[in-house]
Amino acid sequence: LSSAAFDTLHHHYTHRLAAARDAHAGGMGVVGLVGNTIPRELVLAAGCFPVLVSADTVSPTPAADVYVEDVIPPETRALFELAMSGQLEFLDLLVLSRPYAHLYYYLKEVYRLGRGPRLPLLYMFDLMHCQREAVRVYNEGELSAFIQRLEHLTSQHIADPEVRSAVERTNRVRALQRQLQDRRWQRMLSGPDALQSIGAGYFMSPDTYANTLAEYLSTLEPFLELEHRARMLLLSSEPLSHLRLHTAIEAAGARVVAEDDWWGSQAPGSDISVNDSPRAAILQKYWLDTATSQITPAQAREEWFRATAVRDDVDGVVFYLPPSDRQLGWDYPRLKGWLDERGTPSLRLRIDAGHPSGVTTITAELAAWLASLHMAGSTA
Amino acid sequence: MRASPPERNASRHRHEQLTQLEVTRSLRAHQREWFARLREEVFEPARPYVIGGALVPHEIFEALDLPFITDVWYSGLVAARRQSAFYSDYLTQLGYHEDLSRYGSLTLAVLLDEDNPDRPWGGISRPALVVTGADDRAADALANTSGALRVALEMPSLHRLYPNWWEMSRWQWEDLDETPRIDVMLEQFKELVSVAERIAGKKLDVDRLREIVDRVNRQEEYFDEVRTIIATAHRLPARLGEVMSQTMGIQWHRGTDWALNQARAFRDEVKHRAEHELWVCPNERYRLMYVGAGLWQNLDFFTEFEDRYGAVFVRSNYLSIASDGYLRYGTRDPLRCLASRYVALSEQMHIPGLGGAWAVWEARRHRVDGGVSLGGWWGQRMVNLALEEGGIPVVDFPVDPVDANSWDDAKLRALVSNFIETRLA
């Protein structure tokens with residue numbers, strides 16, 4: 001289904017730097033964010049435009065091939081390539097989050113060597129994700145240092161009222177994204193459409209995005225074609241910054257109803273409290289209520305997944321562990337065992353969806369699995 | 001695939017023939033004796049013990065008299081006994097796919113293989129505590145399998161990158177490692193101490209911990225002397241495989257009297273060999289450096305090129321990081337001192353800029369002609385690039401450090417031979 005609102009979301013999901021470039025052209029400062037654990041509210045409060053920086057993992061990476069090893073995740077290699085290409089030169093600051101610390105090190109070094117002259121200014125925001133008090137002071141320090149960096153960048157003090165206002169703007173986004181997720185469960189949109197509708201929020205100004213998403217939500221209604229599809233929960237070892245996997249799964253006759261990933265269902269989480277100190281509330285949100293594969297202990301990391309997997313309206317779980325996986329594979333036997341005990345079918349995919357024949361192969365594998373479970377074309 | 005007992009005997013015999021250092025034999029004897037004692041006093045009566053990663057403060061366990069083994073040491077043992085291919089496949093069969101690192105996880109494989117009578121040195125029992133880095137999910141699986149407590153240590157990222165970090169690490173570590181980063185490691189170590197105290201049933205004696213940290217410093221000083229002897233001697237006095245085994249064999253027991261005495265004996269023997277011109281390869285022509293994780297599945301490979309080319313391996317990360325990475329003076333607050341030691345231990349060898357600068361400095365110091373660089377670790381390309389641009393030719397060595405499934409003897413021998421013939425000769 002298409003609508004003008006969806007077309008706008010689709011446009012920004014596809015042309016990811018478009019709104020940021022417009023903001024830059026309009027004289028606004030633009031801060032690029034690598035990863036979802038950097039408080040965009042602070043960037044907004046500083047009067048800048050925050051934009052997520054992402055990269056397509058299937059494009060050639062000639063520069064990364066020289067400097068960055070194959071053991072580094074494809075996404076990081078692609079981001080290195082993007083940065084080296086000069087496409088991020090217009091950013092006033094490029095902030096890298098902890099899961100991308102390696103990227104920070106590589107970029108700092110090529111810059112030091114004089115081989116990355118078109119790189120923007122780099123900043124490392126090292127928020128730790130282990131959920132223990134031992135890291136609280138460090139995380140508080142990281143947040144303060146980030147605020148200072150933004151103040152230095154803009155030569156302006158970031159005051160609490162501005163931060164609170166920014167929080168209200170992003171909370172509106174979160175509320176709408178949660179509504180979108182509800183509609184998804186109600187068979188009103190497909191997995192790829194949901195992913196685009198949520199993902200666009202990382203690239204647009206929060207107000208424009210919220211207005212567009214609200215308009216899109218108002219057009220949604222139950223979609224009969226989706227009714228008889230097996231409902232899949234997706235757990236991926238790499239960020240789902242593309243549609244390939246969802247497209248492959250849905251081409252097999254299933255429907256991705258949720259994914260344990262910050263590009264999809266895990267994007268909004270809870271609101272940031274506006275009652276307490278906004279800085280403390282922001283820390284609380286980005287430290288303890290933001291999905292990332294780096295959360296420890298596993299119990300905290302898997303909380304959402306387990307709660308979702310036991311829903312009556314989940315028919316099965318798809319684990320996506322492409323050859324680049326170095327982490328989730330260690331959890332897989334345990335999680336599969338847990339699902340088996342509950343009688344929830346699961347499938348492990350090891351094909352790289354970015355491979356030229358990846359989508360076709362995944363679709364075939366999934367279709368065969370659904371057929372074996374007698375789930376093809378019907379809910380279980 | 002698993003080596004048969006006769007194959008293992010043949011390998012052991014060949015290894016014995018290549019052994020030149022008396023301390024290699026004394027180390028081997030000690031390890032067997034120590035492990036047998038561990039079996040008798042800890043594994044069999046099911047007393048609590050710790051499995052730790054390489055980059056965690058073993059000194060704390062030592063101070064609490066809490067027995068511990070290092071996961072990569074035991075993985076290395078599995079590899080040295082030619083059982084790594086079997087255990088790698090075993091993990092795959094259990095659902096841990098083949099692209100997951102086997103470096104430290106063979107310990108998990110052996111633990112899961114409870115009914116096998118042919119486990120390396122009789123296998124291990126379930127630990128009470130597993131301590132490694134926060135991103136080590138194999139350790140999560142190990143703790144989960146064992147019902148053990150899990151302490152996952154999270155290292156903060158570096159904000160300031162000092163290429164010549166080794167010039168600051170011994171005394172200027174508060175500046176090098178940044179106070180907030182040391183603080184957050186310290187807080188995590190305090191939590192670790194609390195958990196370890198519960199398991200050990202006693203409180204940590206800080207004075208004893210300081211003595212242990214000081215003893216480790218003295219041990220690393222001996223290693224530093226060995227490095228200097230090797231770097232400056234006319235020719236190579238000790239084979240790299242033996243030097244690596246010795247260094248890490250001692251390192252896994254750091255803080256004990258045995259480790260300090262063994263390190264001194266190691267220094268004495270290497271010094272004696274250099275003074276009496278007992279060279280590994282009297283016909284020495286090419287000096288090679290080995291870069292990357294230890295080739296634990298086949299340390300004898302380093303001797304393969306001595307007769308034909310006069311090529312010797314003179315340097316690895318292990319001996320050099322012992323002094324540049326471990327040494328921390330100013331132990332008034334021993335826990336803080338440890339927090340600094342471990343806040344970036346090993347990272348310095350990987351981080352672009354830091355790893356390359358160190359490798360080039362090391363290469364020049366050791367009068368190296370070329371490098372063999374093990375693949376599969378992050379930062380490798382930048383290190384290789386720095387070496388090449390520093391005038392040191394490097395060859396990529398595409399093999400897993402422990403998984404024998406990745407080993408192709410003829411191919412790897414040809415690779416290094418070709419490198420020597422085409423780039424060094």
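Among the residues of the range B:166-192, the ones that are farther than 24 Å from residue A:96 by Cβ and not charged (D, E, K, R) come to 9 in all. Sort out which residues of the range A:143-188 are within 29 Å of residue A:314 (Cβ to Cβ) and either without any contact (Cβ under 8 Å) to a residue 24 or more places away in the chain or within 14 Å of chain B (Cβ to nearest Cβ) (or both), and write them in order of number. A:182, the sole residue that qualifies.
The residue that is farthest from the other protein chains (Cβ to nearest Cβ), counting only those in the range B:365-375 that are crowded, with 20+ Cβ neighbours inside 10 Å and small (Gly, Ala, Ser), is B:370. Restricting B:286, B:309, B:318, B:290 to residues that are within 30 Å of residue B:81 (Cβ to Cβ) and touching a Leu at 6+ places or on another chain (Cβ under 7 Å) narrows the list to B:290.
Conditions tested, residue by residue: (1) closer than 21 Å to residue A:325 by Cα; (2) modelled with pLDDT of 95 or more; (3) within 14 Å of chain A (Cβ to nearest Cβ).
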residue: B:96; (1), (2), (3): yes, yes, yes
residue: B:108; (1), (2), (3): yes, yes, yes
residue: B:114; (1), (2), (3): no, no, no
residue: B:127; (1), (2), (3): no, yes, no
residue: B:135; (1), (2), (3): yes, no, yes
residue: B:139; (1), (2), (3): yes, yes, yes
residue: B:147; (1), (2), (3): no, yes, yes
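Every residue, every condition in (1) in a strand (DSSP E or B); (2) open to solvent by 10 Å² or more (accessible area, probe 1.4 Å); (3) more than 27 Å from residue A:164 (Cα to Cα); (4) charged (D, E, K, R), yes or no:
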| site | (1), (2), (3), (4) |
| --- | --- |
| A:225 | no, yes, yes, yes |
| A:233 | yes, no, yes, no |
| A:240 | no, no, yes, no |
| A:247 | no, yes, yes, no |
| A:256 | yes, no, yes, no |
| A:265 | no, yes, no, no |
| A:274 | no, yes, no, no |
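Scanning the range A:16-40 for residues that are part of a loop (DSSP other than H, G, I, E, B) and without any contact (Cβ under 8 Å) to a residue 12 or more places away in the chain gives A:26, A:27. Suppose the filter is out of contact with any Asp or Glu (no Cβ under 6 Å at 6 or more places or on another chain) and either at pLDDT below 95 or more than 14 Å from chain A (Cβ to nearest Cβ) (or both); does residue B:226 pass it? Yes, satisfied. Tell me, yes or no, whether the range B:257-267 has at least one residue that is charged (D, E, K, R), in contact (Cβ under 8 Å) with a residue 40 or more places away in the chain and either assigned to a loop (DSSP other than H, G, I, E, B) or within 28 Å of residue B:66 (Cβ to Cβ) (or both). Yes, that holds for at least one residue. A count restricted to the range A:330-361 and to residues that are open to solvent by less than 60 Å² (accessible area, probe 1.4 Å), part of a helix (DSSP H, G or I) and basic (Lys, Arg) stands at 0.
Only residues that are touching a residue at least 60 places away in the same chain (Cβ under 8 Å) and either surrounded by 15 or more Cβ atoms within 10 Å (Cβ to Cβ) or within 8 Å of chain B (Cβ to nearest Cβ) (or both) were counted across the range A:301-329, and they come to 18. Among the residues making up the range B:344-362, those that are among the aliphatic types (A, V, I, L, M), in contact with an Asp or Glu (Cβ under 9 Å, 6 or more places away or on another chain) and closer than 12 Å to residue B:165 by Cβ are B:344, B:351, B:354.
Residue A:90 falls short on exactly one of the conditions (1) more than 21 Å from residue A:29 (Cα to Cα); (2) part of a loop (DSSP other than H, G, I, E, B), and that condition is (1). Quick check, is residue B:313 over 21 Å from the mean Cα position of the chain (by Cα) and open to solvent by less than 10 Å² (accessible area, probe 1.4 Å)? Answer is no for this residue.
On the stretch given as the range B:204-252, residues that are open to solvent by less than 20 Å² (accessible area, probe 1.4 Å) and either under 25 Å from residue B:77 (Cβ atoms) or part of a helix (DSSP H, G or I) (or both) total 24. Every condition in (1) open to solvent by 10 Å² or more (accessible area, probe 1.4 Å); (2) in a helix (DSSP H, G or I); (3) not aliphatic (A, V, I, L, M) is met by residue B:340 except one, and the failing one is (1). Checking the stated criteria, residue A:106 turns out not to satisfy the condition of being among the aromatic types (Phe, Trp, Tyr), buried (at least 17 other Cβ atoms within 10 Å of the Cβ), closer than 22 Å to residue B:183 by Cα and modelled with pLDDT of 95 or more.
Within the range A:61-72, being open to solvent by 10 Å² or more (accessible area, probe 1.4 Å) and either within 27 Å of residue A:209 (Cβ to Cβ) or modelled with pLDDT of 95 or more (or both) holds for A:61, A:62, A:63, A:65, A:66, A:67.
Is it true that residue B:201 is away from every other protein chain (no Cβ under 14 Å), without any contact (Cβ under 8 Å) to a residue 40 or more places away in the chain and of a type in the set (Gly, Ala, Ser)? When the stated conditions are applied, residue B:201 passes them.
Conditions tested, residue by residue: (1) modelled with pLDDT of 95 or more; (2) not charged (D, E, K, R).
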| residue | (1), (2) |
| --- | --- |
| B:245 | no, yes |
| B:260 | yes, yes |
| B:275 | yes, no |
| B:280 | yes, yes |
| B:284 | yes, no |
| B:289 | yes, yes |
| B:297 | no, yes |
| B:314 | yes, yes |
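Close Cβ contacts (under 8 Å, 6 or more residues apart or on different chains) running from residues in the range B:165-189 that are open to solvent by 30 Å² or more (accessible area, probe 1.4 Å) to residues that are part of a helix (DSSP H, G or I) and aromatic (Phe, Trp, Tyr) comprise B:180/A:138; B:183/A:138; B:187/A:138. Evaluating residue B:100 against the criteria (1) surrounded by 20 or more Cβ atoms within 10 Å (Cβ to Cβ); (2) in contact (Cβ under 8 Å) with a residue 40 or more places away in the chain leaves one unmet condition, (2). If only residues of the range A:124-136 that are facing chain B (nearest Cβ under 9 Å) and either more than 23 Å from the chain's Cα centre (by Cα) or not hydrophobic (A, V, I, L, M, F, W, C) (or both) are counted, the one that is surrounded by the fewest Cβ atoms within 10 Å (Cβ to Cβ) is A:133. Looking at residue A:140, is it more than 14 Å from chain B (Cβ to nearest Cβ) and surrounded by fewer than 20 Cβ atoms within 10 Å (Cβ to Cβ)? So residue A:140 does not fit the description; no. Taking the condition surrounded by fewer than 20 Cβ atoms within 10 Å (Cβ to Cβ), hydrophobic (A, V, I, L, M, F, W, C), away from chain B (no Cβ under 14 Å) and within 18 Å of residue A:198 (Cα to Cα), does residue A:217 pass? Answer is yes for this residue.
Within the range A:129-142, residues that are among the aromatic types (Phe, Trp, Tyr) have Cβ atoms under 6 Å from residues that are modelled with pLDDT of 95 or more in these pairs: A:138/B:180; A:138/B:184, counting only partners at least 6 apart in sequence or on another chain. Note on the range A:56-75: residues that are facing another protein chain (nearest Cβ under 9 Å) and over 19 Å from residue A:326 (Cα atoms) total 3.
The values are calculated or read from the model by the stated rules, or taken from the named source; none is laboratory data. Worth saying up front: this structure is predicted, and the values here are computed from it rather than measured. We place every Cβ from the backbone using ideal geometry, glycine too, and count neighbours over all the protein chains shown. SASA here: full protein model, heavy atoms, side chains in, ligands and nucleic acids out. Shrake-Rupley method; radii C 1.70, N 1.55, O 1.52, S 1.80 Å.
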